[in-house]
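Nothing in this text is a laboratory measurement; each read-out follows from the coordinates by a stated rule. This is a predicted model, so every value here is computed, not measured. Neighbour counts run over all protein chains shown; Cβ positions are idealised from the backbone, glycine included.
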Amino acid sequence: MHLLGLSQSALVCGGQVAVPSAVLGVDPGVKGGLVVLHHGGKPHSIVTFQPNMEEREVAAAVKQAAKSLISLGSHRCFFEKVGYMPHDGGKGAFTFGAINGLLKGVLLACDIEITYVTPMLWQAEMECLSGGNKNVTKLRAQQLFPGERITHGNADALLIAEYGRRRLAR
């Protein structure tokens, strides 16, 4: 349902739009991560996926992030819309698809509203068009979140969450 062209997560109070108090950013894949940001831009939780994580560990991390998001009064998630890389081969494509589906499934089961965003869109907004170079997004995340431990695994999730936070604040 949309109110005045706003999504169902935005509330109209006294003629003013109240933005969700937090947002979840997800960089899918075995080397990705997820981040819950407060509405002011401070990270509440950061999870970096490890290639050796089992499905139940990934699902538990996503479920915990969803619980944190809901406890902060939000159901909004920005999820990077990507596909597998052809040079990863068949096994890589299968693994990516399985992780991607697991992340989406857990979020939907937790009643989280997912907005899909392409890398070109969030990177352009965050001023870090990477062309596939993870160092570009890591550097931008370090600039925006100087007090956080930024890795290649969590940088994109931080920037996707910040993109979502800024988009919801408009």
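Points to keep in mind about this one:
- Cβ separations smaller than 9 Å between residues 6+ apart or across chains give the following pairs from segment 127-148 residues that are assigned to a loop (DSSP other than H, G, I, E, B) to residues that are surrounded by 17 or more Cβ atoms within 10 Å (Cβ to Cβ) and acidic (Asp, Glu): Ser130/Asp156; Phe145/Glu162.
- Only one of the numbered conditions (1) part of a helix (DSSP H, G or I); (2) touching a residue at least 60 places away in the same chain (Cβ under 8 Å); (3) among the hydroxyl-bearing types (Ser, Thr, Tyr) is violated by Ser74, and that is (1).
- Taking the criterion of being of a type outside the set (Asp, Glu) and within 11 Å of Glu125 (Cβ to Cβ), the residues of segment 151-164 that qualify are Leu159, Ile160, Tyr163, Gly164.
- From Ala93, Ala60, Ala65, residue being more than 17 Å from the chain's Cα centre (by Cα) and either within 20 Å of Ile46 (Cα to Cα) or not in a strand (DSSP E or B) (or both): Ala93
- Scanning segment 100-120 for residues that are touching a residue at least 24 places away in the same chain (Cβ under 8 Å), farther than 15 Å from Gln64 by Cβ and assigned to a helix (DSSP H, G or I) turns up Asn100, Lys104, Pro119.
- Qualifying residue in segment 50-63 (condition: touching a residue at least 24 places away in the same chain (Cβ under 8 Å), over 20 Å from Asp111 (Cβ atoms) and of a type in the set (Gly, Ala, Ser)): no
- Residue that is surrounded by the fewest Cβ atoms within 10 Å (Cβ to Cβ), among those in segment 115-170 that are over 20 Å from Lys31 (Cβ atoms) and among the small types (Gly, Ala, Ser): Gly147
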